[in-house]
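For reference, the structure is listed below as structure tokens.
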Amino acid sequence: MNLKPLVTGLALAKTLVVAYILCAIAQIILPGVQFSHMWLALFSAAPMGSLQMWLEGIVVSIVLGFVLGYVFAWSYNWVSSKTA
């Protein structure tokens, strides 16, 4: 079974965007709780709750998710072809 790098990249990008948005919403609802701040800071250094934080976080999630998903699928296909 081969993974399609483009599809895998898009799927991981979408997953990271959803995770980022959920953490940002949690930070808005419960600002004193620290469970989501480190995830948000991983994708943006902008102040918490700012528009810049939202934009940077979503864009970085898309780019990073796509690149990592693409590389993962390519690597998986390469390793599986060598071991099969």
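The values are calculated or read from the model by the stated rules, or taken from the named source; none is laboratory data. Every value quoted in this text rests on a predicted model; they were computed, and no experiment measured them. We place every Cβ from the backbone using ideal geometry, glycine too, and count neighbours over all the protein chains shown. Please note that ligands, DNA and RNA were not included when accessible areas were found on the heavy atoms of the full protein model with its side chains. Shrake-Rupley method; radii C 1.70, N 1.55, O 1.52, S 1.80 Å.
Run TRP54 past the list (1) over 30 Å from LEU3 (Cβ atoms); (2) without any contact (Cβ under 8 Å) to a residue 24 or more places away in the chain and report the number of the one that doesn't hold. Going through (1) over 30 Å from LEU3 (Cβ atoms); (2) without any contact (Cβ under 8 Å) to a residue 24 or more places away in the chain one by one, TRP54 breaks only (2).
Kindly establish whether LEU55 is exposed (fewer than 13 other Cβ atoms within 10 Å of the Cβ) and modelled with pLDDT of 95 or more.
The answer is yes for LEU55.
Taking first residues from the stretch 17-30 that are under 16 Å from LEU42 (Cβ atoms) and partners that are open to solvent by 70 Å² or more (accessible area, probe 1.4 Å), the Cβ contacts under 8 Å between residues at least 6 apart in sequence or on separate chains come to VAL17/ILE62; ALA19/TRP39; TYR20/TRP39; CYS23/TRP39; ALA26/PHE35; GLN27/MET48.
Among residues of the stretch 60-81 that are farther than 15 Å from VAL7 by Cβ, those with a Cβ under 9 angstrom from a residue that is open to solvent by 40 Å² or more (accessible area, probe 1.4 Å) and of a type in the set (Val, Ile, Thr), sequence gap 6+ or separate chain, pair up as SER61/THR15; SER61/VAL18; SER61/ILE21. Assess whether VAL67 counts as being of a type outside the set (Phe, Trp, Tyr), under 18 Å from the mean Cα position of the chain (by Cα) and open to solvent by less than 100 Å² (accessible area, probe 1.4 Å). Yes: the conditions hold for VAL67.
In the stretch 8-44, what residues are open to solvent by 90 Å² or more (accessible area, probe 1.4 Å) and part of a helix (DSSP H, G or I)? Before the answer, list the steps.
At the first step, the residues of the stretch 8-44 found to be open to solvent by 90 Å² or more (accessible area, probe 1.4 Å) are 10, 14, 22, 28-29, 34-35, 38, 42.
Residues satisfying the conditions are LEU10, LYS14, LEU22, ILE28, ILE29, MET38, LEU42.
Condition check ((1) closer than 30 Å to ASN77 by Cβ; (2) touching a Ser or Thr at 6+ places or on another chain (Cβ under 7 Å)) across all residues:
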residue: LEU12; (1), (2): yes, no
residue: TYR20; (1), (2): yes, yes
residue: ALA26; (1), (2): no, yes
residue: PRO31; (1), (2): no, no
residue: HIS37; (1), (2): no, no
residue: LEU40; (1), (2): no, no
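Within the option set PRO47, PRO5, being surrounded by fewer than 12 Cβ atoms within 10 Å (Cβ to Cβ) and touching a helix residue (DSSP H, G or I) at 6+ places or on another chain (Cβ under 7 Å) holds for one residue only, PRO47.
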